[in-house]
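Below you'll find the structure, written out as structure tokens, and then a few comments.
The values are calculated or read from the model by the stated rules, or taken from the named source; none is laboratory data. All of these numbers come straight from a predicted model, not from anything done at the bench. Here the Cβ positions follow ideal geometry from the backbone for every residue, glycine too, while neighbour counts run over all protein chains shown.
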Amino acid sequence: MSTMEGSVKDQVRALLDRLPDDCTFADVQRGIAVLMWPKRDDGSLAPPQRLDPDEVKRRLREWMKSERDK
């Protein structure tokens, strides 16, 4: 799978090259989270999409029902 910036592996390698040698796993996780975050056409981070509370309740009820039916 590729993106406009290159393959996922290429993006992660570039991220690792940018991080200091003494980075933590948390630094790497944070960097990957930023890479995965939805972007706008100009490359800036898109704001998070919020779900309507009623939709959250509906999805939760659906999930709980599916768990109960297992």
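The residues of segment 25-38 that are loosely packed, with under 10 Cβ neighbours inside 10 Å and either more than 17 Å from the chain's Cα centre (by Cα) or at pLDDT below 95 (or both), listed by number, are ALA33, PRO38.
Filter segment 35-46 down to residues that are farther than 15 Å from ASP10 by Cα and among the hydrophobic types (A, V, I, L, M, F, W, C), then give me how many there are. Selection size over segment 35-46: 3.
Only residues that are basic (Lys, Arg), surrounded by fewer than 10 Cβ atoms within 10 Å (Cβ to Cβ) and farther than 30 Å from SER7 by Cα: list them for segment 39-70, please. Matches in segment 39-70: LYS65, ARG68, LYS70.
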